[in-house]
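Peer 1: For reference, the structure I am asking about is given below.
The values are calculated or read from the model by the stated rules, or taken from the named source; none is laboratory data. As the structure is a prediction and not an experimental result, all values here were calculated from the model. Note that each Cβ is placed from the backbone with ideal geometry, even for glycine, and that neighbours are counted across all protein chains shown. Just so you know, the surface numbers come from the protein's heavy atoms only, side chains and all, with ligands and any DNA or RNA stripped out. Shrake-Rupley method; radii C 1.70, N 1.55, O 1.52, S 1.80 Å.
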Amino acid sequence: MSALLHGTGSSDVAGSGEAGRAAAAAALVGLAGAEPALVVVYASVRYDLTELLAGVAAVTGDAPVVGATSTGHFVGRELSAPGTGVVVLALAGGGYRFGVAAAHGMSTRPGEVGAEVVRAARAASGEHDLPHAALLLLADGLVGGQQDVIGGAHRVAGARVPIVGGVAGDDWRLSSTSVFLGGEVLNDAVVGVWIASPRPLRVVSAHGWTPVGPPQLVTRAEGTVVHEIGGRPASEVYAGAIDVQEAARRGISHGEAVEESSYALGVIEPDGSHLVRAIYVAPGGELNSFEPVATFSAVQLMSADRPALLRVVDDVARAALTTGEETVLLTFDCAARQTILGETIGEEVERLQAAAGQATCFGLYTYGEFARSRGAGGVHNATLTALAL
């Protein structure tokens, strides 16, 4: 099997087309003249995205292009904060076949969209006899339906095909996120990459959060609003469970701890693990989650601090790099981790690249991560997720 060739490039110049061209040109250098089989683009929403993608295409030609808007991104040890820059990854060789596609309407028919994008991306990978596959998904981040999209994709792809990816961001504006296919900027849509592989591919995810309260039952929830836990107003349960001494240890007041993102809900899975759901108190006082939490879910309040979040970095990299021959570590990192780590966010990127060794880390800060290898879950918050190629 030939080695996977890859190249990366970045730019933070102001001009949209110029930034796209510069980042893409730098990425192609790593391919040593080979034609790119897949190009991945992450960019700040501050750009004119159509112009940016046209700049990328002016360099990469007919190569398939996918991507998403971000809330920051990184390549290697180079970190771009929210609101800055574009990064490009170009891939060629390695025995892989890539098929790309998009499906629209996830706000009204998310399950069908998940199924459609798998069928189309798998067909686009062409005729081959490669025995293994993984599915990379990038989704509009603010229209909902993420878990149903994953469910629909999983039903068509099958249990043997792991799913990885993330939800597009928009530099914390929480206004409009987009995904990319070719030169198109898409909303209310999912972009998929079918990755046919000569070897098994493994999706790894970890969060570093720990329970700080007893299990409780969600007694009323609607969409992303958790109204009641144990028959009491959820925001009161949340505020009352936060440890005043722990907040003081972190140098924040109890009120600040309620407002910040270092606390979350952990939905208790059948195997006893926790599916983390980032939460916040809305201006009206209700407790909101970035992903729906169903009525009658068993939950625990979760907490995380910087050392705990950083400890999972080495574990994720080691578990994803299974053969030692991988050259790229595709990484999806929750924007909530970014806010908790604060000024130490650069340490996470440094630590991840150090653990990856010779493989280049290429990462997106997301509004939610996709990681499904087995079980009923698949959409995560506040996690670090990776797939190595």
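Peer 1: List the residues, sorted by chain then number, that are 5 or more residues from Thr177 or on another chain and whose placed amide H is less than 5 Å from its amide H.
Peer 2: Sorted by chain and number, the residues that satisfy this are Gly141, Leu142.
Peer 1: Would you please put 67-74, 147-154, 230-237 in order of how densely packed they are, using the mean number of other Cβ atoms within 10 angstrom per residue and starting with the highest?
Peer 2: Values: 67-74: 28.4, 147-154: 24.0, 230-237: 16.6.
The densest-packed peptide leads the list: 67-74, 147-154, 230-237.
Peer 1: Assigning unit charges at the beta carbon (Lys, Arg +1; Asp, Glu -1) and nothing else, what dipole magnitude in debye, to the nearest 20, does region 51-118 show about its Cα centre?
Peer 2: Numbers: 3 positive and 5 negative charges, 34 e Å.
Computed about the Cα centre, the dipole is about 160 debye.
Peer 1: Per q in 0.12 Å⁻¹, report the Debye log10 I(q)/I(0) for region 78-234, using one uniform scatterer on each alpha carbon and no solvent.
Peer 2: -0.65
Peer 1: Which three numbers, in whole Å and largest first, are the semi-axes of the equivalent ellipsoid of region 126-182 derived from its Cα gyration tensor as √(5λ)? Walk me through the intermediate numbers first.
Peer 2: Numbers: eigenvalues 143, 37, 14 Å².
Semi-axis lengths for region 126-182 are 27, 14, 8 Å.
Peer 1: I've got another one for you. Determine, for each peptide in 124-131, 31-38, the mean count of other beta carbons within 10 angstrom over its residues, then list the peptides with the highest first. Can you show the working numbers first?
Peer 2: Details: 124-131: 11.8, 31-38: 16.4.
By packing density, highest mean first, the sequence is 31-38, 124-131.
Peer 1: Rounded to two decimals, what is Rg over Rh for the chain when you use alpha-carbon atoms and the Kirkwood radius?
Peer 2: On the way: Rg = 20.1 Å, Rh = 20.9 Å.
So for the chain, dividing Rg by the Kirkwood Rh gives 0.96.
Peer 1: In percent, how large is the relative contact order of the chain, given Cα pairs closer than 8 Å and 6 or more residues apart? Could you put the intermediate results ahead of the total?
Peer 2: Values: 1040 pairs, mean separation 71.7, N = 389.
Relative contact order here is 18 percent.
Peer 1: Relative to the compact-globule scaling 2.2 N^0.38 Å, provide the ratio for the alpha-carbon radius of gyration of region 47-165. Write out the running numbers ahead of the final one.
Peer 2: Numbers: Rg = 15.7 Å, N = 119, 2.2 N^0.38 = 13.5 Å.
Relative to the 2.2 N^0.38 Å estimate, region 47-165 comes out at 1.16.
Peer 1: Per DSSP H run of at least 4 residues, take -39500 (n - 2.57); add these up for the chain, divide by its residues and hand me the 222 nm value, nearest 500 deg cm²/dmol. Spell out each step's value before the answer.
Peer 2: Values: 10 runs with 107 residues, N = 389.
Taken over the chain, the calculation gives -8500 deg cm²/dmol.
Peer 1: Go through region 283-389 and name the chymotrypsin sites (Phe, Trp or Tyr not before Pro) that are in a DSSP coil and have 16 or fewer other Cβ atoms within 10 Å of their Cβ. Could the numbers behind the result be given before it?
Peer 2: On the way: sites: Phe290, Phe296, Phe332, Phe362, Tyr365, Tyr367, Phe370; in loops: Phe290, Phe296, Tyr367.
When the chymotrypsin sites (Phe, Trp or Tyr not before Pro) of region 283-389 are filtered for loop state and at most 16 Cβ neighbours within 10 Å, Phe296 remain.
Peer 1: How many percent of all Cα-Cα pairs in region 23-65 sit more than 12 Å apart?
Peer 2: Values: 534 of 903 pairs.
That tail contains 59 percent of the Cα-Cα pairs.
Peer 1: Roughly how many Å² is the accessible area per residue of region 286-389, as a whole number, for a 1.4 Å probe?
Peer 2: Details: 3290 Å² over 104 residues.
Value returned for region 286-389: 32 Å² of accessible area per residue.
Peer 1: What is the percent carbon and sulfur in the accessible area of the chain, measuring with a 1.4 Å probe over the protein chains and ignoring ligands? Could the numbers behind the result be given before it?
Peer 2: On the way: 7580 of 14640 Å².
Roughly 52 percent, rounded to a whole number.
Peer 1: Could you give the nm distance between label points at Arg220 and Asp62, where each point is 7 Å from its Cα heading toward the beta carbon?
Peer 2: 6.0 nm
Peer 1: Round to a whole angstrom and tell me the spacing of the C-alpha centers of region 339-359 and region 167-189.
Peer 2: Spelled out, the Cα-based centre of one part sits 25 Å from the other.
Peer 1: Quick check for me: using +1 on Lys/Arg Cβ and -1 on Asp/Glu Cβ, what's the dipole size of region 261-354 about its Cα centre, in debye to the nearest 20?
Peer 2: On the way: 6 positive and 14 negative charges, 47 e Å.
The calculated dipole for region 261-354 is roughly 220 debye.
Peer 1: How large are Rg and Dmax for region 158-233 when only the alpha carbon atoms are used, in Å?
Peer 2: 18.8, 53
Peer 1: Which whole-number value in Å² is the accessible area per residue of region 29-89, probe 1.4 Å?
Peer 2: On the way: 2020 Å² over 61 residues.
Computed with neighbouring chains in place, this is 33 Å² per residue.
Peer 1: Where only protein heavy atoms count, and the probe is 1.4 Å, what is the accessible area per residue for region 148-238 in Å²? Before the final figure, lay out the partial values.
Peer 2: Numbers: 3640 Å² over 91 residues.
Ligands and nucleic acids excluded, the result is 40 Å² per residue.
Peer 1: Now for a separate question. Count the net charge of all other residues whose Cβ sits under 12 Å from the Cβ of Glu18, scoring Lys and Arg as +1 and Asp and Glu as -1. Walk me through the intermediate numbers first.
Peer 2: Values: positive: Arg21; negative: Asp12, Asp48, Glu51.
That works out to -2.
Peer 1: May I ask for the Kirkwood hydrodynamic radius of region 1-97, worked out over all distinct Cα pairs and given in angstroms to one decimal?
Peer 2: Numbers: mean 1/r = 0.0767 Å⁻¹.
Evaluated over region 1-97, this radius sits at 13.0 Å.
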